[in-house]
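**Q** Below: one structure in structure tokens.
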Amino acid sequence: MASYRDSHVGENRGLQYDATHASKVDALIWDTFIKGLVAREAKACASGGGCRYLDFACGTGRVLKVGQPYFSDSLGVDISEDMLAVARHRVPAADFICADITRDRGAAAGEFDFVTIFRFILNAERSLSMDVLAWLAQHMPAGAVLVGNNHMNRFSFRGIATLISNALFGTKLNHLSRGEVTRMLEESGFRVRKWSGYRVLPSCRGKPVFGRTVYGALERFLHTAGIGRIGSEHVFVAERV
Ligand SMILES: C[S@@+](CC[C@H](N)C(=O)[O-])C[C@H]1O[C@@H](n2cnc3c(N)ncnc32)[C@H](O)[C@@H]1O
């Protein structure tokens, strides 16, 4: 089986990645909810004295761009130079390392007070995710904050559609539950402080079915009503124990 390590390597992969996601519900949910959550957590960490930020698997830098202004020292790490080429342009104030820290464990030195890991744990093979979480745990002091996501919660409409597609059509689409990710984090030395769920409504090929404005308003209503638990995108805020 090919490793997730190779999934975003290739000429123009960064530009293609951004173009693919721009019109999708992912981007809408990010803009409406998750960007603000990352900014609030970064701000809280920085005001508590945190100064070093790492965006692991930073890709084209969309998450790094949100966290970077709060810290004096921000680093994006990714294995793909094609993705990093876009990130370097998007977040010029950050430093970047192109490396696989699970194989070159000394590639990034020191400890980080705030770490983000988005769109990684769901798709990476389990051994890779666990190696990454172990590396992060070794490079985060007690109390340091890790924020990340599972973008296909099994117990959601999209998660159930995924299960059906895998069963009927032989697709191999990934899905994870909150419980599974919580266990992965706990086994790696983290304690989950909170989970938040989003993206309850169905979409068509990843695009909003009612238009962005209505879709965004409905998602906001469902989130406020506490129905995000059955959404397909879940974000965790964890701390190093
Ligand atoms: C789906 S992208 C997510 C990018 C970014 N975190 C975001 O949310 O927009 C996953 C990224 O993981 C990177 N990646 C895969 N294996 C990696 C590894 N072992 N070390 C660092 N980055 C890796 C890929 O190159 C890709 O840029």
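Only the coordinates and a few stated rules stand behind these numbers; no lab work does. What you see is a predicted model; the values in this text were computed from it and never measured. Here the Cβ is made from the backbone with ideal geometry for all residues, glycine too, and neighbour counts use every protein chain on show.
**Q** If I build a Gaussian network model for the chain, linking alpha-carbon pairs within less than 10 angstrom, which residue out of Gly61, Gly211, Gly197 has the largest mean-square fluctuation?
**A** Gly211
**Q** Scaled to the compact-protein estimate 2.2 N^0.38 Å, what is the alpha-carbon radius of gyration of the range 78-122, rounded to two decimal places?
**A** Taking the Cα Rg and dividing by 2.2 N^0.38 Å, one obtains 1.23.
**Q** So what is the orientation-averaged projected area of the range 73-231, using the convex hull of its C-alpha atoms, in nm²?
**A** It is 11.3 nm².
**Q** Within the range 189-218, whose backbone N sits under 17 Å from a point 7 Å along Cα→Cβ of Ala22?
**A** Those under the cut-off are 207-208, 212.
**Q** Using the Karplus curve 6.51 cos²θ - 1.76 cosθ + 1.60 with θ = phi - 60°, work out ³J(HN,Hα) for each residue of the range 196-210 in order, rounded to whole Hz, and write x for Gly and Pro.
**A** For the range 196-210, the Karplus curve yields 9, x, 9, 6, 7, 6, x, 9, 10, 6, x, 9, x, 7, 10 Hz.
**Q** What list of ³J(HN,Hα) couplings, whole Hz, do you get for the range 97-106 from phi and the Karplus terms 6.51, -1.76, 1.60, once you set θ to phi - 60° and write x for glycine and proline?
**A** Taking θ as phi minus 60°, the curve returns 10, 9, 6, 9, 5, 6, 10, 10, 5, x Hz for the range 97-106.
**Q** To continue, here is another question. With Cβ to Cβ distances under 11 Å as the rule, what net charge do the other residues near Cys51 carry (K, R +1; D, E -1)?
**A** Spelling it out: positives minus negatives among the neighbours equals -2.
**Q** Of all DSSP beta bridges in the range 4-240, what percent run antiparallel (nearest 5)?
**A** In the range 4-240, approximately 45 percent of DSSP beta bridges are antiparallel ones.
**Q** Residue by residue through the range 152-168, what is 3J(HN,Hα) from phi via Karplus (6.51 cos²θ - 1.76 cosθ + 1.60, θ = phi - 60°)? Round to whole Hz and write x for glycine and proline.
**A** In residue order, the calculated couplings are 8, 5, 4, 8, 8, 4, 5, x, 5, 4, 5, 4, 5, 4, 5, 6, 8 Hz.
**Q** What FRET efficiency comes out for Ser177 versus Ala99 if R0 is 22 angstrom and r is the Cβ-Cβ distance? Round to the nearest 0.05.
**A** The formula returns an efficiency of 0.10 here.
**Q** With N set to the residue count of the range 1-112, report its C-alpha Rg divided by 2.2 N^0.38 Å to two decimal places.
**A** Computed over Cα atoms of the range 1-112, the ratio equals 1.09.
**Q** When the Kirkwood radius is taken over all Cα pairs of the range 173-241, what Stokes-Einstein diffusion coefficient follows at 10 °C and 1.306 mPa s, in µm²/s?
**A** Stokes-Einstein gives a translational diffusion coefficient of 118 µm²/s.
**Q** Taking amide H positions as placed in the peptide plane 1.01 Å from N, state which residues far from Leu54 in sequence (5 or more) or on other chains have amide H under 5 Å from it.
**A** For Leu54, whose amide H was placed from the backbone, the distant partners under 5 Å are Leu75, Phe114, Val115, Thr116.
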